[in-house]
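Trainee: This is the structure, below, for whatever I ask next.
Bear in mind these aren't lab numbers, they're just calculated from the coordinates by the rules spelled out. Not measured: the values here are computed from a predicted model. Neighbour counts run over all protein chains shown; Cβ positions are idealised from the backbone, glycine included.
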């Protein structure tokens, strides 16, 4: 299959017309080819869709969903006129596979003129994607809702474009997953990688081993019917569902019901943090372990129809193996050198079980070992080098390093990560063809059903573009503009990545008026990477409420980014751009005055008290920025004492406060430094 | 039943402790008796509930719903400790009726101390209400979420506390009704009056007469299963569901499938506005009409278990009767004087059919006629006099005059309407006992599933308080403060009365940043009463999108009300209250500068172009107010020409623009007049 796909990609490459050469359309991911036309297609109440030939029943449902979303976006209750020609004509040459296959044709062509639209595709999978493109094209204009005239020819750059969602550390209910699947479909992602078991909970009903959820889930798990329903929901939207059962490590939740699987001595409780929390690991030396896994995987292989089966395999620290004399004896008896060899032995046994059930085994990059067959797939999370190394050795791979949404990076940082860059850039074409795509990852230490959407969206759209669009689509300002447009449509789809923040701020405040609180929340971001894991505060309590300001704010502050842009524009103008200075002053004034308005509220609620210093910092930064502008305007050199004092204030403002960062401190520091330097 | 209820009310009256004498708790409706205690009950993760005795299974579900809502409000994932005593102990002496009865005991007692809470009630209906009170008591404090120590003894003033929702003019789906039932339960309303048929659509599946929806619903109707599901949902929340089938007028939708019922000649189409739209009316002279109604009512009486059955009866204009010689002959032959007598004849026949199906007939006040038995119930919509008149004649009645939510009145105006005031105040106690309560009414000319919540909430809570709380609970500032607190909780319940506005504004703008647009939307209200029905614009198109700014804004502007309060405070201080003046200036400055920010956006989208003059008016008003304050501050008398000009500007600003009213024009006019007068 991979050889065929390379041929297709090579054939299509010369026809790419890149996004940068086109006027901006709010499309994300940017299609492979966009040719603008003249005029626009007005979307009126008589808008209608016809599927002309070759369609399957699921396509009719897709069209209904499309029309419902178009109605939500535009507020138009559609009333097609009987007998009139359909506005949008759809034709798919073929239906789809009952179980979506990797590499199934996803291409489509969409032509819009001022009198109608045509969407054609080899399979109905392409139609699904093309309809999402149409939805993104519809915008409000001076004359009505309209889609611009355009010819789009589109297909994905990578065949595997996924999002991993961890539902073990915090359980995420089916309805929340469904709205996220809607979001994934909107940006043409095609794999939900469902991280279903970990130390903190086992989330899938097993009829063969009922104690897995009976003792290992705190009562929070999916029934098999719910899983089948979710898989069907995803399939309708062109999304495969790959399950992950993380073994032999990250498996503490299995051991509550089945302690005989473990390498240590029980009894076990579900992981609540604390020392040694990742130590429990399966015992690969007992035949009973494999008998258990044979039965379990046979059951799960039937439940999950996807061809791929993820076995985890990450972060086995080996402590229980080191501490268990029988296991050490097994290692010696079998001529193994170390625990890595033991895990490779486990993975070999596991791979045979997975293959016996007609599945292809996928695992995190720790599973890479020459003893494993080349059919497995390696998911790289520790760096791009391991992806390239796997490809060199003949293994197919997926990139997730650089796509961890839980690290709270700005979208631009994820966007800059390309599966074919760095070490992969030096691979041969054949080796490169083994890089199937990538997956964003939403690990669930710090999310609940309430705030998970805002941790995934809209940043996930930028990663989706990286995986779908031509490699040279890299313009960051364009990305942000288009991501913000898509973000609005995602809320109309039902995602709550914007609206949940206001609800959470209202909860913290206990009041209807949260203007001042929002001013503060607008300019902060959570600390990055694993900075929130503060060992001094003790282990993470996975059952504690996540209701602090850090839990409500966006991972990336649009307001701060926009303010920073203004400051750069102002500096580049030689402090002469007066309209920009007025905007900067207006913003700084709001911040300077904000603490006086916000302070009383912060003292009144236990959830906001920790934010008092942060609020004071924002006002101090606002004050410093305004004074700096005054000096610049007057052409005066400020006293050194003033500069020293302001830099100290800003240094304080830049420190982590209530686990958040004040993102406007740095540009204000620039203003202060410029004002002090400009006349020396 | 009525005699008993009077006795209960009289017995309880002396124990009332009114709201005004108590420190403010954010309760709505205010309970009959509130005795504050010392301390507070902290709501922690170990919060738990126990139902001790006498409970029915539905009560367990109610407790689960209560806990889910408490978790949404607080963001706390509850984890009760095994074996620990429950935080909240619940005891109901008895279960409930399978079909909720008018007058079923709804009282409860709730005692909260710093160590726990007790909720007791004669029936589980009281428990349902008491749990809602508990939810309202929980607030965020400096030490955590907590309910204050308190002893509450509560029961309703009126037994019938309803909300009528019209689902004919615009169809409202089941899920939207369900979230509104949640809202009704939160404020202890106990009747959903479901206006199911009208000229614009017939919304209930009839198996006996399938053409009612087959031809008269545009495909938008409820199946009988959906109706049973909704009734069960309402019952779980202590809410009766009374159906209304409006006849003999407002019945055009019946005639598409069954033209033989009508007094005129068909063929009929569903009402889309236009001349004569209310003319079609049933033919009361044919026996076949009654045969039809006998079968239909028998079917519906089984589907709707409530003891009351609403037959409408309003606004029969008689034109078709006048124009039909056979009907005129019938009137003469039966010795009737006029069309009113004919409708009374129809109602008498109808009442016998309704009674045969063991239901009590309810109708709008036009049905009041001495020929009808005293068992019927009259719902007064044309004035309080008709309610009193009915009571005097021995008829029971409900008040809806003054409670029409679709008229866009401020909450305070609804709140001031009391069923026992005006003509009813002069009734004898026995006559007064016939006034069972009232119903708010949401007629659906201008609502969609998207914006209906904001037309009903939070103002409906003020009406709910009028119908539940002691008559002397009338303090308007207290009402607004409590209504705003309840409004937050309603959003946590799932209502979208606040969040939908932002979504709609984003749609109109097509952009992520709607700050300036929101500034404008914050200070306008829709035109009042029936002013939006502009005959010059032609008939209402019930299928047109409702996506203009008037459709998004709140019926009542909190910002404008608050601004008006500030201006009154400032004036009363003799223009000396500087902090208040600063707040006024800050607001006026935002408005003055807003049009410059907003104007470009307004020109870019067809939905906002009509708001250009309104935006200019807001800036002009801001400018006028700031200048007036300058004159006041300097102690200068402005030139007459200035005053004349400003008053003209404000007069323009006060006119209807894009079907909206700028609610801050009047207080700014005050400032202008004061500044001009103060030194003359």
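Trainee: Give the order of A:491, B:673 when sorted by the count of other beta carbons within 10 angstrom, beginning with the fewest.
Mentor: Ranking A:491, B:673 by Cβ neighbours within 10 Å, fewest first, gives B:673, A:491.
Trainee: Can you give me the three principal axis dimensions of region B:636-680 from its C-alpha atoms, in Å, biggest first?
Mentor: That gives 37, 17, 10 Å along the principal axes, largest extent first.
Trainee: For chains B and A related by rotation, which residue of B has the Cβ nearest the axis, and what is the rounded distance in Å?
Mentor: Closest to the axis: B:499, 3.
Trainee: Same structure again: Let me know the Kirkwood hydrodynamic radius for region B:397-540, please, with Cα pairs as the basis and the value in Å to one decimal.
Mentor: Kirkwood hydrodynamic radius for region B:397-540: 17.3 Å.
Trainee: Sticking with this one: Could you work out the mean count of beta carbons from other protein chains within 10 Å of each residue's beta carbon in A:73-84?
Mentor: Averaged over the peptide's residues, the number is 3.
Trainee: If you count the DSSP beta bridges with both ends in chain A, what percent of them are antiparallel, to the nearest 5?
Mentor: Close to 40 percent.
Trainee: Another question, if that's okay. Per the Debye formula with a single identical scatterer at each Cα and no solvent contribution, what log10 I(q)/I(0) holds for region A:295-417 at q = 0.12, 0.16 Å⁻¹?
Mentor: -0.55, -0.89
Trainee: What is the ratio of the Cα radius of gyration of chain B to 2.2 N^0.38 Å, with N the residue count, to two decimals?
Mentor: In units of the globular-protein estimate, chain B measures up at 1.03.
Trainee: What's the percent breakdown of Cα-Cα distances in region B:181-243 across 5 Å bins, shortest bin first?
Mentor: Values per bin, smallest distances first: 4, 19, 24, 20, 16, 11, 6, 1.
Trainee: Shifting gears a bit: Only Cα pairs under 8 Å and at least 6 apart count here; give the relative contact order of chain A as a rounded whole percent.
Mentor: About 12 percent, as a whole number.
Trainee: Put the label 7 Å from Cα along Cα→Cβ for residue B:101; what are its distances to the other copies, in nanometres, shortest first?
Mentor: From this label point to the equivalent ones elsewhere in the assembly: 6.8 nm.
Trainee: Order the peptides A:299-306, B:132-139 from the highest to the lowest mean number of other Cβ atoms within 10 Å of their residues. Could you put the intermediate results ahead of the total?
Mentor: On the way: A:299-306: 18.2, B:132-139: 22.0.
For the peptides A:299-306, B:132-139, the packing ranking is B:132-139, A:299-306.
Trainee: Next up: If region A:46-135 were replaced by its equivalent ellipsoid, with semi-axes equal to the square roots of 5 times the Cα gyration tensor eigenvalues, what would those be, largest first, whole Å?
Mentor: Over the Cα atoms of region A:46-135, the semi-axes work out to 23, 14, 12 Å.
Trainee: One-quarter of the Cα convex hull surface for region A:100-168, in nm²?
Mentor: Averaged projected hull area, Cα only: 6.7 nm².
Trainee: Can you divide the C-alpha Rg of region A:613-652 by 2.2 N^0.38 Å and report the result to two decimal places?
Mentor: Details: Rg = 10.6 Å, N = 40, 2.2 N^0.38 = 8.9 Å.
So the Cα radius of gyration is 1.18 times the expected 2.2 N^0.38 Å.
Trainee: What nm distances, shortest first, do you get from the label point of residue A:648 to those in the other copies when the point sits 7 angstrom along Cα to Cβ?
Mentor: Distances between equivalent label points, in nm: 5.9.
Trainee: Remind me, relative contact order of region B:516-673 in percent, using alpha carbon pairs under 8 angstrom and six or more residues apart?
Mentor: 31 percent
Trainee: Further question: In whole Å, largest first, what are the principal axis extents of the Cα atoms in region A:197-292?
Mentor: 45, 31, 21
Trainee: Which three extents, in angstrom, do the Cα atoms of region B:357-437 have along their principal axes, listed largest first?
Mentor: 38, 29, 19
Trainee: If you count, for every residue in A:600-609, the Cβ atoms of partner chains within 10 Å of its Cβ, what is the mean?
Mentor: 3
Trainee: Using only alpha carbons, build the gyration tensor for region B:540-655 and give me the equivalent ellipsoid semi-axes, biggest first, whole Å.
Mentor: So the equivalent ellipsoid measures 31, 17, 13 Å along its semi-axes.
Trainee: Taking N as the number of residues in the protein assembly as shown, what is its alpha-carbon radius of gyration divided by 2.2 N^0.38 Å?
Mentor: With N residues counted in the protein assembly as shown, Rg over 2.2 N^0.38 Å equals 1.00.
Trainee: To the nearest 0.05, how large is the calculated FRET efficiency for residue B:392 and residue A:515 if R₀ is 45 Å and r is the Cβ-Cβ distance? Mind dumping the intermediate values first?
Mentor: On the way: r = 52 Å, r/R0 = 1.16.
With a Förster radius of 45 Å, E is 0.30.
Trainee: Under the rule of -39500 (n - 2.57) per DSSP H run of 4 or more residues, summed and divided by the residues of chain A, what mean residue ellipticity at 222 nm is obtained, to the nearest 500 deg cm²/dmol?
Mentor: Computed mean residue ellipticity for chain A: -13500 deg cm²/dmol.
Trainee: Please give the FRET efficiency for residue A:606 paired with residue A:541, using the beta carbon to beta carbon distance and R0 = 25 Å, rounded to the nearest 0.05.
Mentor: Computed FRET efficiency for residue A:606 and residue A:541: 0.90.
Trainee: Say a label goes 7 Å from Cα toward Cβ at residue A:114 in every copy; what distances in nm does this one have to the rest, shortest first?
Mentor: 7.6
Trainee: By average Cβ neighbour count within 10 Å, what is the ranking of B:463-471, B:589-597 from highest down?
Mentor: B:463-471, B:589-597
Trainee: Given a Förster distance of 41 Å, report the FRET efficiency between residue A:422 and residue A:207 from their Cβ-Cβ distance, rounded to the nearest 0.05.
Mentor: Details: r = 45 Å, r/R0 = 1.10.
It comes out at approximately 0.35.
Trainee: In addition: Give me the percent of Cα-Cα pairs in region A:597-680 that sit more than 16 Å apart, rounded to a whole number.
Mentor: Numbers: 1835 of 3486 pairs.
Of the Cα pairs, 53 percent sit more than 16 Å apart.
Trainee: Between the alpha-carbon centers of region B:567-581 and region B:113-129, tell me the distance in whole angstrom.
Mentor: Between the Cα centres of region B:567-581 and region B:113-129 lies a distance of 46 Å.
Trainee: Another question, then. Residues of A:488-498, mean number of Cβ from any other protein chain within 10 Å of their own Cβ, rounded to a whole number?
Mentor: Averaged over the peptide's residues, the number is 2.
Trainee: Turning to a different aspect of this structure: Work the Kirkwood hydrodynamic radius out for region A:392-462: mean of 1/r over every pair of different alpha-carbon atoms, inverted, in Å. Don't jump to the answer; show the numbers that get you there.
Mentor: Working: mean 1/r = 0.0745 Å⁻¹.
Evaluated over region A:392-462, this radius sits at 13.4 Å.
Trainee: Which values of log₁₀ I(q)/I(0), to two decimal places, follow from the Debye formula for region B:106-227 at q = 0.09, 0.20 Å⁻¹ with a uniform point scatterer at every Cα?
Mentor: Relative scattering, expressed as log10 I(q)/I(0), comes to -0.41, -1.04.
Trainee: A further question on this structure: As a footprinting exposure proxy, order A:61, B:445, B:581 by other Cβ within 10 Å, with the fewest listed first.
Mentor: Ranked by crowding around the Cβ, least crowded first: A:61, B:445, B:581.
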